[in-house]
Amino acid sequence: MNISAQHSFGATRPSLRDAMRLVAGGVSIVTAGIGDERTGLTATSALSLSIDPPTMLVCVSRAASAGPIIRNRGHFCVNVLAAHHRALADRFAGVGGVKGPERYVGGDWITLATGALALSDALAAIDCEVDEYIERHSHAIVIGAVRALYVGGGEPLVYKSGQYGTFAPV
C-alpha cells in the first residue's frame, strides 16, 4: 500500500503512531535483572507467540535501559497489570524520571524460576528465558520460553489514546 496515497481527514497526515494509539491493549510491566541492575518497562506489546511450546513475545525499544539487561541476563517476566496498578505502570514507564531499582518501590515482588521479579498481585506473571533477541529498526523483538507462571484474578488495566482505563464488557 502506498502510504502517501492514503486519505487524511484532518489538516495533518495521520501516522502509524496515530493509528496504533486507537488500539486498546492490556498493560504489562516487563521486569529484568537482579539486585542493583534491576530495571523494567511498561509495555502494551507483550503477547503469547505460541501455546505449545509456551512462548512469549515482547517488543522493547532499543533506547530502553531494560534491553541490554534482558539480553545479558537472558530473562524477563511479563507482569499483566490489574486496574489498581496505574501508579506502578507510570513508574515503569519512567514518569517522574524514576529509573532502575527505584521503579520497584510500591510493589510486592517475588522471584520465579529465572530470577526476574514477578509482581505478587499481578493478574498473571509469566517468567521467561530469552530464546531469541532480534533487533529491528527502533525495537528489539524478544522471544522467551516460559519457565514459570502464575495466574491471579481481577480487572485488567488497559491503555488507549494515551490514557489508562478498564475493560467494560458490552
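Computed quantities for the displayed model
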item: Considering residues of region 97-112 that are more than 17 Å from the chain's Cα centre (by Cα) and part of a strand (DSSP E or B) only, the residue farthest from R86 (Cα to Cα); result: T111
item: Residue match in region 7-22 (condition: within 22 Å of G153 (Cα to Cα) and of a type in the set (K, R)); result: no
item: Pick from region 57-81, criterion out of contact with any strand residue (DSSP E or B) (no Cβ under 7 Å at 6 or more places or on another chain) and not aliphatic (A, V, I, L, M), ranking: surrounded by the most Cβ atoms within 10 Å (Cβ to Cβ); result: P68
item: Single condition L117 does not satisfy, out of (1) more than 19 Å from G25 (Cβ to Cβ); (2) more than 14 Å from the chain's Cα centre (by Cα); (3) not hydroxyl-bearing (S, T, Y); result: (2)
item: Test for G115: is it in contact with a helix residue (DSSP H, G or I) (Cβ under 7 Å, 6 or more places away or on another chain) and part of a loop (DSSP other than H, G, I, E, B); result: no
item: Residue in region 72-87 that is under 16 Å from T39 (Cα atoms), touching a helix residue (DSSP H, G or I) at 6+ places or on another chain (Cβ under 7 Å), without any contact (Cβ under 8 Å) to a residue 40 or more places away in the chain and not in a strand (DSSP E or B) present; result: no
item: Boolean, L117 is crowded, with 19+ Cβ neighbours inside 10 Å and over 17 Å from G153 (Cβ atoms); result: yes
item: Candidate set: region 45-56, residues that are in contact (Cβ under 8 Å) with a residue 24 or more places away in the chain and either over 25 Å from G94 (Cα atoms) or touching a Lys or Arg at 6+ places or on another chain (Cβ under 9 Å) (or both); chosen: the one surrounded by the fewest Cβ atoms within 10 Å (Cβ to Cβ); result: P53
item: Whichever residue in region 138-168 is more than 24 Å from A118 (Cα to Cα) and in contact (Cβ under 8 Å) with a residue 24 or more places away in the chain and, among such residues, is surrounded by the fewest Cβ atoms within 10 Å (Cβ to Cβ); result: G162
item: Strands (runs of 3 or more DSSP E) (entirely within region 16-66) containing at least 3 residues that are of a type in the set (A, V, I, L, M, F, W, C) and modelled with pLDDT under 90; result: none
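To keep it simple, each residue is scored yes or no on (1) among the polar types (S, T, N, Q); (2) modelled with pLDDT under 95; (3) over 20 Å from G33 (Cβ atoms).
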| residue | (1), (2), (3) |
| --- | --- |
| G106 | no, yes, no |
| A113 | no, no, no |
| L123 | no, no, yes |
| Y133 | no, no, no |
| V142 | no, no, no |
| V151 | no, no, yes |
| Y164 | no, yes, yes |
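The values are calculated or read from the model by the stated rules, or taken from the named source; none is laboratory data. Not measured: the values here are computed from a predicted model. Cβ coordinates were reconstructed from backbone atoms using ideal geometry, including for glycine residues, and neighbour counts include every protein chain displayed.
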